[in-house]
Amino acid sequence: MFSDDEARQGVVDLRAQLEALSAQHRLLDERVTRLEESLKGYPEMVNKMDNLNQDLAQMRGRLDALAHQIDTVDKRSHELYLDLDARLKTLETAVSHPGEGDSPPPNASGAAGAGSGPAGGGDGAVPSAVYDKALAAFNAGEFTKSIKLFQSFIKANPKDSKVPHALYWIGVNQISLKDFKGARATNQDIYKNHPDSPKAPDALLNLASAWTGLGDSATARATLKLLISKYPESAAAEKARARLKAH
């Protein structure tokens, strides 16, 4: 049997243990409360993060679209400048040497060349009417019509120096129409069959865009690296480097 003193001491000890356990319980309860409060905002935080990621993806898409539009406008302006420069040179030649020889004027569509083949067959000095119409259709946003006209130009003038240019614009039209498989084939044709054309670097840049449109980012990056390796000093290579850094 315990004495009264031992019993009282035992009660005191038990009370002390109870108070200690109660204090620990309160601390744990407070921690659980704080955790619950923190977790209340967690799903909302996750949703916000998901929304931010979606917004970022949309912004990247818009930036890519804007970059492509800027590239297109830049190339279109350059193409129009080249065409205008060629026409001015032709007119200057005609003014400087009027009546020289028996050759017809540049715009006389073959009247004096019967049996001699297409005039200016490979120099591309004066774009054909079909080429001009195809470019005008592209400028007007009539991409399908532009493709058909450029294809007609190539069929009628397979040896013309502007064939790579026509192919390039076909590829740009195809990308505008989101025909990425067609754009892939067209730009591969330019690089493989016209590697020395001024349009070859741009064709590789657009080929990378086509691969991106097809969801193959690895091949798109490899194509950009190929462009930089093959045409390191080109304007297209600078754009390729920028794209690689951005992604």
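Each residue, Thr144 and Lys245, gets one label point 7 Å from its Cα in the Cβ direction; the gap between the two is 4.1 nm.
Dividing the convex hull volume of the Cα atoms of the stretch 155-247 by its residue count, what figure in Å³ per residue is obtained?
86 Å³
With +1 on each Lys and Arg Cβ and -1 on each Asp and Glu Cβ, how big is the dipole of the stretch 159-231 about its Cα centre, in debye rounded to the nearest 20?
My answer is approximately 100 debye.
Which entries of Lys148/Lys178; Lys155/Lys239; Lys159/Lys225; Lys155/Lys192; Lys148/Lys199 have Cα-Cα distances beyond 24 Å here? Distance filter (> 24 Å) returns Lys155/Lys239; Lys159/Lys225.
Extension gain, Lys230 to Asp216: 0.36 nm times the residue separation minus the Cα-Cα distance gives 2.9 nm.
Throughout, read-outs are computed from the coordinates displayed, never taken from laboratory work. Because the structure is a prediction, the values reported are computed rather than measured. Don't worry about glycine lacking a Cβ; one is built from the backbone with ideal geometry, like all the others, and counts go over all protein chains shown.
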